[in-house]
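> Handing you this structure, nothing more for now.
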Amino acid sequence: MSTMTLQEPARRFEELLGHGAVITDPVRLRTYECDGLTHHRVMPGIVVLPESAEQIAAVVRVCNEYGLPFVARGAGTGLSGGALPRADGVLIVTSKMRRILSVDAANRRAVVEPGVTNLAITEAVRDLGYYYAPDPSSQQVCTIGGNVAENSGGAHCLKYGFTVNHVLALEIVTPDGDIVELSDGDPGYDLLGAFIGSEGTLGIATKVTVRLTRAPETVTTLLAAFKDIEQGGQAVSAVIGGGIVPAAIEMMDALAIEAAEAAVACAYPEGAGAVLIVELDGPAEEVAHQFGEVTRICEESGAFELRIADDPAERAAIWRGRKSAFAAVGRISPAYIVQDGVVPRTTLPEVLASIDRLSREHGIRVANVFHAGDGNLHPLVLFDDAEPGAGERAEIVSGKILDLCIEHGGSITGEHGVGVDKSRYMSRMFSDEDLDTMQLVRCAFDPRALSNPGKIFPTPRLCGEVPGVRKGVHPLVESGQAEHF
Amino acid sequence: MDLELINDCVHCGFCLPSCPTYVLWGEEMDSPRGRIHLMKQHVEGTPMTPEMAGHFDACLGCMACVTACPSGVRYDRLIEQTRAEVEREHVRKPDDRALRAVVFQLFPYPRRLRAMRLPLRLSGGIRRKIIPRLERINPSLAAMADLAPPVSARVRLPHRVEAKGSRRATVGMLTGCVQGEFFPQVNEATARVLAMEGCDVVIPPSQGCCGALSLHSGQEEQAKRFARRTIATFERAGVDTIVVNAAGCGSTMKDYAEILEGEWARRAGAIRTVDLAEYLAELGPAAERHPLPLTVAYHDACHLAHAQGIRSQPRELLSAIPGLELKEISESAICCGSAGTYNLFQPEAARDLGDRKAERVLATGADLLVSANPGCTMQITAAIRRRGAQEIPVAHTAQVLDASLRGLGRVPTIPA
Ligand SMILES: Cc1cc2nc3c(=O)[nH]c(=O)nc-3n(C[C@H](O)[C@H](O)[C@H](O)COP(=O)(O)OP(=O)(O)OC[C@H]3O[C@@H](n4cnc5c(N)ncnc54)[C@H](O)[C@@H]3O)c2cc1C
Ligand code: SF4
Ligand code: SF4
């Protein structure tokens with residue numbers, strides 16, 4: 001679509017939102033060309049900065065009128081290119097919608113606008129003795145709208161669950177511009193569940209009702225240093241196998257530790273080939289008991305140093321290294337790919353050994369950071385973008401790591417989503433029939449495929465990525481198991 | 001502009017919530033990540049459009065993004081280079097140009113600044129009448145008049161102040177242009193505190209500007225000239241440590257070796273610049289602290305907290321005073337909007353940030369606000385005055401310490 005044809009909708013947006021809330025200048029537009037995954041870049045056709053659900057609905061209706069695709073964006077920290085704009089479409093940015101609308105401590109819920117950051121919710125309720133449990137490492141910047149779209153998680157999701165377990169209701173603008181509410185109390189289909197994790201393809205969240213979690217009575221954090229990853233992995237298996245559910249159990253390997261040291265001088269034990277961070281929380285008595293168990297297991301698995309934090313400052317010191325790890329690899333490598341995959345916890349040692357082999361074979365360093373408790377790996381594939389061919393080799397290693405995850409019965413994403421980046425891996429994990437069935441769900445919400453098209457699915461099918469084009473009859477429809485309505 | 005420094009940015013966005021302009025407007029182009037993206041566009045060949053220059057001009061240079069960045073991006077270097085590039089490439093509108101010319105010919109020159117004080121010396125009533133009128137003509141002029149504090153009597157500092165008791169060190173002291181002209185009491189207090197803590201204080205006369213204002217506004221050559229002159233002045237005074245009580249000056253002087261080249265860089269490296277609080281904390285207390293029964297809110301000046309990493313030292317010095325209770329201001333890492341000449345060139349944004357800060361300062365309920373930078377002091381006082389709220393007295397860390405060491409029982413504050 002040419003810029004000419006975007007002029008008219010742009011004018012309509014200006015009428016609706018005001019001049020300052022519509023960006024058409026190319027220099028400005030380009031600053032929105034990518035999210036946290038910078039090698040996918042597209043300059044958006046138009047950027048709008050709405051301030052209310054009504055404005056978003058109006059924008060979406062205009063998009064429908066002109067057949068323009070639209071993409072939602074929060075803070076643009078996504079790591080799968082989910083918020084990659086469309087050159088022929090509109091980027092709807094929620095960064096001005098950051099009001100906390102209500103806090104209801106008695107009923108343990110808060111209602112917030114989609115551009116509110118994850119951490120801002122916790123900060124708003126901390127004095128009341130509550131917090132918002134899912135804690136992605138990017139929590140100080142990523143938005144709750146982005147969290148909903150990606151079903152984001154973090155270190156503490158092992159015990160407390162992901163975004164989907166902490167969102168009680170949503171107000172959304174549907175792909176055709178209606179404002180509707182989805183709630184976990186609704187009878188019938190769990191549409192709320194379908195929306196969470198849909199990566200912006202089923203509409204735009206405009207209000208989020210979150211569950212507030214009571215701050216635990218006691219929190220104890222422990223840092224254990226091991227000679228190598230195998231010992232650390234053994235400790236993880238023994239802890240979980242022993243029936244203990246820590247609030248978090250995180251592991252970093254030597255290279256990831258090196259990066260964190262360079263960035264935040266976290267002063268982890270010298271000579272550690274792996275560190276394990278275990279956090280226990282709950283009633284004091286329970287924590288004390290579990291703490292004894294965990295220290296024993298760590299020592300038996302070969303931990304050569306244990307550090308214990310009981311107060312917030314010491315705890316922050318332990319977490320600082322882990323929380324900064326992704327961004328910190330920038331200190332030890334000019335460029336890197338953050339990979340995200342899942343394997344069954346018991347296969348961790350085997351998969352890590354294979355990753356190590358891949359790394360040596362291709363001459364590409366891989367730093368490992370992971371949510372060890374649920375087998376969610378975050379290999380950081382390091383390369384020098386100035387070196388010819390290095391980027392390609394890194395891509396190969398990165399892709400092969402996902403193959404490893406699938407081979408071991410895992411998944412190609414734990415929490416960063418599919419976006420554009422992993423859509424091509426979807427057909428390695430799912431059959432065509434599986435993907436077609438997912439498309440049926442998508443088409444039920446978004447028959448014209450205007451809401452974040454080109455994401456998640458490897459190839460356009462069924463209702464198609466081109467408005468109005470349908471390719472053949474879906475096998476489920478043909479066999480009478482599903483129907484269009 | 002250095003592409004390598006630009007490429008250090010991995011686009012993670014961790015700096016966004018700490019950036020005052022992003023906090024205000026929520027737009028990518030006015031965030032550190034967006035500005036670095038614009039720099040990259042420019043290096044790759046996009047011309048410096050007025051829109052692009054506007055986003056660089058809107059940056060406060062507060063360096064909160066440097067503190068927040070886990071990848072160690074040198075935004076401080078980048079924005080300095082970019083500002084110089086803006087001055088080379090961007091043709092400003094005539095009125096903007098005129099205002100800049102006035103400011104750069106005025107502020108870094110103490111003598112001229114002194115002459116200007118007269119028209120700025122408007123007492124309360126006249127001030128309230130004239131500012132709305134100026135606002136209509138030119139918001140920047142209004143900002144200037146609104147900020148300028150009433151002038152206090154001129155103070156001549158001696159060239160040398162002897163240590164009380166046994167001498168522990170000999171240090172030079174920077175008087176600073178704005179500090180020296182508008183807040184001479186702060187310099188007096190600084191000299192006294194240093195002396196009471198056992199330092200001989202050397203105060204060279206006619207010091208001139210350190211170059212901070214020029215550097216932060218892309219006036220590279222003027223900045224270098226001032227830097228060389230300052231170095232020579234203190235070399236002549238025979239000191240190798242310079243104690244600075246204004247955050248903006250201190251952060252620039254610590255960078256002299258990076259700003260200058262060759263022989264001058266070496267000479268810069270031979271002199272150590274320290275902030276007053278940093279120096280006193282390092283030296284350790286010698287003189288007795290007398291009680292001050294006060295609740296104090298401490299304001300982090302960006303050029304102290306972000307540019308020099310000095311956060312704990314002033315808090316420790318203040319908390320060590322018997323009877324003094326320290327309160328934290330929420331959102332303390334967000335700039336008050338003063339940022340050197342920012343409140344003159346970007347008056348609307350500065351005003352919004354000032355209001356935000358004033359609200360949070362007042363929420364502490366403290367008796368006294370402590371600020372270690374003259375720009376912040378003027379900015380926050382003006383914002384509180386605008387709100388029509390009960391004004392909160394403001395003092396510099398040096399004045400609080402001075403009052404405690406001398407056992408005054410109260411802090412003689414800066415008249416607002
Ligand atoms: C350094 C770093 C560390 C990270 N750590 C973690 C981690 O520990 N765990 C984790 O899960 N993720 C992590 N992430 C990934 C990222 O922060 C999350 O995916 C986050 O939820 C994205 O939020 P955002 O506001 O930046 O969304 P964006 O990147 O702007 O958008 C992400 C997706 O959400 C959609 N979207 C945005 N807003 C809405 C809305 N209101 N309604 C519907 N769709 C919307 C977009 O279209 C896009 O598909 C990390 C990222 C970085 C850079
Ligand atoms: S220096 Fe301050 S205003 Fe400028 S980009 Fe960084 S945080 Fe924002
Ligand atoms: S925090 Fe640092 S690396 Fe991340 S976007 Fe900001 S400047 Fe770039």
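The values are calculated or read from the model by the stated rules, or taken from the named source; none is laboratory data. Since the model is a prediction, treat every value here as computed from it, not as a measurement. Here the Cβ positions follow ideal geometry from the backbone for every residue, glycine too, while neighbour counts run over all protein chains shown. All accessible areas refer to the heavy atoms of the entire protein, side chains included, with ligands and DNA or RNA removed. Shrake-Rupley method; radii C 1.70, N 1.55, O 1.52, S 1.80 Å.
> For peptide B:219-228, what's the mean number of Cβ atoms from other chains within 10 Å of each residue's Cβ?
0
> Taking A:Lys159 as the anchor, which lysines have their alpha carbon closer than 19 Å to its alpha carbon, excluding any fewer than eight residues away along the same chain?
Filter leaves A:Lys323.
> When the C-alpha atoms of the protein assembly as shown are aligned to their principal axes, what extent does each axis show, in angstrom, from largest down?
Answer, in whole Å and largest first: 96, 69, 59 Å.
> Also, quick follow-up: Note down the relative contact order for chain A as a percent, whole number, built from C-alpha pairs under 8 angstrom at least six residues apart.
13 percent
> So what are the stretch A:216-317's ellipsoid semi-axes, whole angstrom, largest first, if each one is the square root of 5 times an eigenvalue of the alpha-carbon gyration tensor?
22, 17, 10
> Given 0.36 nm per residue, what is the gain on full extension from A:Ala267 to A:Val103 after removing their alpha carbon distance, in nm?
Gain on extension, A:Ala267 to A:Val103, equals 55.2 nm.
> In deg cm²/dmol and to the nearest 500, what is the mean residue ellipticity at 222 nm of the protein assembly as shown if only DSSP H runs of at least 4 residues count, each as -39500 (n - 2.57), divided by the residue total?
-13000 deg cm²/dmol
> Please give the net charge around B:Gly26, taking every other residue with its beta carbon less than 12 angstrom from that of B:Gly26, where Lys and Arg add +1 and Asp and Glu add -1.
Once all neighbours under 12 Å are counted, the net charge is -1.
> Right, something else. B:Lys164: which aspartates and glutamates have alpha carbons under 19 Å from its alpha carbon, excluding same-chain residues fewer than 8 sequence positions away?
In chain and number order, the partners are B:Glu188, B:Glu197, B:Asp200, B:Glu282, B:Glu288, B:Asp402.
> Determine the shielding of peptide A:138-144 by partner chains: average, over its residues, the number of Cβ atoms on other chains within 10 angstrom of each Cβ.
Other-chain Cβ atoms within 10 Å of each residue's Cβ, averaged: 3.
> Here's a follow-up. What is the antiparallel percent of DSSP beta bridges lying wholly in chain A, to the nearest 5?
Rounded to the nearest five, the antiparallel share is 90 percent.
> Moving on. When only C-alpha pairs under 8 Å and at least 6 residues apart count, what is the relative contact order of the stretch A:1-215, in percent?
19 percent
> Follow-up question, since we're still on this one. Output the peptides B:269-279, A:390-400 sorted from most to least packed, where packing is the average of other Cβ atoms within 10 Å over each peptide's residues.
B:269-279, A:390-400
> Taking K and R as +1 and D and E as -1, what net charge do the other residues with C-beta under 14 Å from the C-beta of A:Ala317 add up to?
0
> May I ask you to find the residues of the stretch B:44-79 that are shielded by at least 50 Å² of accessible area once the whole protein assembly is considered instead of their isolated chain (probe 1.4 Å)?
With the partner chains in place, the stretch B:44-79 has these residues losing at least 50 Å²: B:Glu51, B:Pro70.
> Same structure, new question: Relative to the present Cα-Cα distance, how much length would full extension add between A:Ala194 and A:His39 at 0.36 nm per residue of separation?
Using 0.36 nm per residue and subtracting the Cα-Cα distance, I get 52.9 nm.
> If you roll a 1.4 Å probe over the heavy atoms of the protein chains, what accessible area per residue do you get for chain A, in Å²?
I get 39 Å² per residue for chain A.
> B plus A alone minus the pair: what accessible area, both sides summed, probe 1.4 Å, in Å² to 100?
In total, chains B and A hide about 2400 Å² from solvent.
> For the protein assembly as shown, what proportion of DSSP beta bridges, expressed in % and rounded to the nearest 5, is antiparallel?
If I count the DSSP bridges inside the protein assembly as shown, around 70 percent turn out antiparallel.
> Once both axes come from the Cα atoms, what is the angle between helix A:254-264 and the longest principal axis of chain A, in degrees from 0 to 90, rounded to 10?
It works out to around 70 degrees.
> Follow-up. Can you give the net charge of the other residues whose Cβ lies under 11 Å from the Cβ of A:Glu217, counting K and R as +1 and D and E as -1?
-2
> On the accessible surface of the stretch B:1-96, probed at 1.4 Å, how many percent belong to carbon and sulfur atoms?
53 percent
> Against the longest principal axis of chain A, how steep is helix A:53-66, in degrees 0 to 90 to the nearest 10, with axes from Cα atoms?
It works out to around 50 degrees.
> How large is Rg/Rh for the stretch A:1-215, to two decimals, with Cα atoms and a Kirkwood Rh?
0.98
> Arranged from highest to lowest average of other beta-carbon atoms within 10 Å per residue, in what order do the peptides B:390-400, A:188-198 appear?
B:390-400, A:188-198
> How much space per residue, in cubic angstrom, does the convex hull of the C-alpha atoms of the stretch B:315-372 take up?
Cα-based convex hull of the stretch B:315-372, divided per residue, equals 85 Å³.
> Then there is this: For the stretch B:255-329, what class follows from the C-alpha gyration tensor (a ≥ b ≥ c being the square roots of its eigenvalues): rounded when a/c is under 1.5, otherwise prolate if a/b is larger than b/c, else oblate?
Oblate, since a/c reaches 1.5 and b/c is not below a/b.
> Further question on the same structure: How large a share of the accessible area of chain A, in percent, is made up of carbon and sulfur atoms when the probe is 1.4 Å and the other protein chains stay in place?
Answer for chain A: carbon and sulfur cover 52 percent of the accessible area.
> Using a 1.4 angstrom probe, figure out how much accessible area the stretch B:289-406 has per residue, in square angstrom, rounded to the nearest whole.
32 Å²
> Using alpha-carbon positions, what is the distance between the centroids of the stretch A:415-453 and the stretch B:178-245, in Å?
64 Å
> A:Lys96: which lysines have alpha carbons under 18 Å from its alpha carbon, excluding same-chain residues fewer than 8 sequence positions away?
A:Lys207
> Can you give the average number of partner chain beta-carbon atoms within 10 Å of each beta-carbon in peptide B:11-24, as a whole number?
Partner-chain Cβ atoms within 10 Å, mean over residues of B:11-24: 5.
> Take every Cα pair under 8 Å in the stretch A:216-317 that's 6+ residues apart, average their separations, divide by the length, and report that relative contact order as a whole percent.
RCO, the stretch A:216-317: 50 percent.
> Using mean Cβ contacts within 10 Å as the protection proxy, how do B:157-163, A:181-187 order, highest first?
Ranking, from highest mean packing down: B:157-163, A:181-187.
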